[in-house]
1. Just in region 232-288: which trypsin sites (Lys or Arg not before Pro) are loop by DSSP and have at most 13 other Cβ atoms within 10 Å?
2. Skipping prolines and chain starts, which residues have an amide H placed within reach, meaning under 5 Å, of the one on G214, given they are 5 or more residues away or on another chain?
3. Report the far tail of the P(r) of region 110-192, meaning the percent of Cα-Cα pairs longer than 19 Å.
4. Of the trypsin sites (Lys or Arg not before Pro) in region 109-218, which ones lie in a loop per DSSP and count no more than 10 other C-beta atoms within 10 Å?
5. Kindly provide the helix-only [θ] at 222 nm of the chain, computed as the sum of -39,500 (n - 2.57) over DSSP H runs of four or more divided by all residues, to the nearest 500 deg cm²/dmol?
6. Tell me the Rg and the Dmax, in Å, that the Cα atoms of the chain produce.
7. Suppose each label sits 7 Å from its Cα in the direction of the beta carbon; what would the A89-E270 distance come out to in nanometres?
8. In percent, what relative contact order does region 110-192 have, based on Cα pairs under 8 Å that are 6 or more apart in sequence?
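Here, each number is a calculation from the coordinates, and none is a lab measurement. In this text the structure is predicted, and so the values were computed from the model without any measurement. Virtual Cβ from ideal backbone geometry, glycine too; neighbours counted across all protein chains shown.
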Amino acid sequence: MILDCTLGGGGHSKEILKSILPGGTLISLDCDIEAIKSFEDFARDFSLNLKLVKGNFSELDEILLSFGIKEVDGILFDLGISSTQLNDARRGFSFQVDSPLDMRMDSNMSLTASHIVNDFSEDDLSYIIYHYGEEKHARKIAREIVKTRKISRILSTKQLSDIVVRAVSRNLRKRRKIHPSTKTFMGLRIFLNKELDTLEKGLKKALKVLKSGGRLVVISFHSLEDRIVKRIFKDASMKKCLHDLSLCKCEGFPLVRLLNKKPLFPGKEEELLNPRSRSARLRALEKF
Ligand SMILES: C[S@@+](CC[C@H](N)C(=O)[O-])C[C@H]1O[C@@H](n2cnc3c(N)ncnc32)[C@H](O)[C@@H]1O
């Protein structure tokens, strides 16, 4: 019994399915209904082994319980957004594709990037861009956003990207490795979709529903995510006394064994085949 918490384009789910047939079950979830719909045709041929669920991994325990499942043998999180979402001109995730400022992974959410950019205060914008995007020019960018929206609302990714470039243009003489809008877009997306909060909840629940001997694998794409994964993994691997005795003499037991002390990075070959994998890092553990 395997849980893929991030179906996306289904690449991992297809590979997992190959290795668990004929007897195993895979539950694949995604909070984006488009990801689920795109995979339904493929899933039809595997109805006995594969269950698709539109849901958030922060509620993975309840999702499993709705199928009567209390424990699983393996769990995968492949964080962030999929290439399909990034390239979709209706979704607003990319400054390279001109589209409405949306950025919601789950289209049932009411808050969009447009609300944040047009209605949040300058201080709040600056905070979001700095803390979630790790953008050191956050204050200048927030100021430029507020100045521009006084004239007219900011409606598209292209408009927002132009504003960011304008705000940091004086600093552009120092060549950046990434596009000047990258961090601002990332910060807005992470805040809007509550990505750090859902990750923390999802990982803690994953540790609970993992069977003894089961494995948890997480692929993250930036340092804010990886910091959370690293902390939760490390904490679970430390000795802890779970006995309900105030004077217990036992030295405690770790809940998990880390399968790799340092994160694994893609090799050169994989980076060439899939340039988006460049910033990926993988951590894995096994439950005792
Ligand atoms: C990087 S993609 C996964 C790609 C996938 N592993 C593949 O092989 O194609 C991440 C996916 O996770 C989904 N996602 C992100 N946060 C989520 C959450 N909290 N709950 C459920 N799905 C989430 C996104 O909508 C996106 O489709």
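1. Passing both the DSSP loop test and the Cβ count: K239, K249, K261.
2. Counting only residues 5 or more places away or on other chains, the set is K287.
3. Working: 890 of 3403 pairs.
So the portion of pairs separated by more than 19 Å is 26 percent.
4. Of the trypsin sites (Lys or Arg not before Pro), the ones in loops of region 109-218 whose Cβ has at most 10 other Cβ atoms within 10 Å are K150, K174, R175, K177.
5. For the chain, the value works out to -12500 deg cm²/dmol.
6. Values for the chain (Cα only, Rg and Dmax): 21.0, 68 Å.
7. Here the modelled spin labels are 3.3 nm apart.
8. Value for region 110-192: 41 percent.
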